[in-house]
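Read the figures in this text as sums done on the coordinates, not as results from a lab. All of these numbers come straight from a predicted model, not from anything done at the bench. Positions of Cβ are generated from backbone atoms using ideal geometry, with glycine treated the same way; all protein chains shown enter the neighbour counts.
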Amino acid sequence: MNNNTKIYLLLFLFIFLIIVSCIIYININKFENTHSYDGVCALDLDGTITCGIYNAKKAIQICKDANYKIAINTARPSKYYSDIKLDLLGLKESDFIDDFYYGETLKCSFGDYQCLENNISATKLKHLITIENKWKVPRNKIILFDDVYQNVKIAEDNGFSVIYANNPACGINENFENKLYNIINS
């Protein structure tokens, strides 16, 4: 082989290694979160954002404006949301589809209400911890919106922020905004 051929071969090999390195780097990093959020708003569905649409929409918009990721944390037994009018809430499927957390198989009978509540609360807490690990935000910047007091209590006892959706007419209360802004700005 002459010197020119060796130089071209080395140059080709060098360019080839750079291209392969780039492909490997891209494939490794495509599974990591490419967006950084200041927090996460984890929304329960039934009784929280399925009614009181005006307040739910307002809460979702405040979260989005504050650079908070939208997640769903529901007791529903599957990734089922086709009954939710996303457009009325200012949501798109892409806002939450990769962060949709739902109930697990229950380890108790439907007649044992306390066991059901405990399982649901434990599952929702587990999902909040998953969200924390995924998005690398502090617990106090992960806000659970939920209409079940036990779910709110266990989340708060574990350092997560909460908005208790206990509007007498159903959904998020009228006076939620100050608490939400306080959490976001803390």
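Taking 7 Å along the Cα-to-C-beta vector as the label spot, tell me the residue 156-residue 61 distance in nanometres, rounded to one decimal.
Going by the 7 Å Cα→Cβ label model, 2.7 nm.
If you add up the charges near residue 137, with Lys and Arg at +1 and Asp and Glu at -1, over every other residue whose beta carbon is less than 10 angstrom from its beta carbon, what do you get?
Cβ neighbours under 10 Å give a net charge of +3.
Round to a whole angstrom and tell me the spacing of the C-alpha centers of the range 153-174 and the range 30-93.
Their Cα centres are 15 Å away from one another.
With 24 Å as the limit, write out which pairs from 92/134; 57/126; 107/153; 85/179; 107/141 have Cα-Cα distances beyond it, or answer none.
Table pairs above 24 Å Cα-Cα are 57/126; 85/179; 107/141.
Would you list 46, 147 from fewest to most Cβ contacts within 10 Å?
The fewest-first ordering by Cβ neighbours comes to 46, 147.
Of 86, 140, 178, which is farthest along the charge dipole of the range 39-184 in the positive direction, counting Lys and Arg as +1 and Asp and Glu as -1 at C-beta?
Checked the options; the winner is 140.
Going highest first, how would you order 105-117, 123-135 by mean Cβ packing within 10 Å?
So the order, starting with the most tightly packed, is 123-135, 105-117.
Using just the helices of the chain, give the 222 nm mean residue ellipticity in deg cm²/dmol: DSSP H runs with n ≥ 4 each add -39,500 (n - 2.57), and the total is spread over all residues, rounded to 500.
-15000 deg cm²/dmol
If you work out Rg/Rh (Cα atoms, Kirkwood Rh) from the coordinates, which of (1) 0.96; (2) 1.22; (3) 0.92 do you get?
Matching entry in (1) 0.96; (2) 1.22; (3) 0.92: (2).
Quick check: pseudo-label points 7 Å beyond the Cα along Cα→Cβ at residue 76 and residue 20, how many nm apart are they?
4.7 nm
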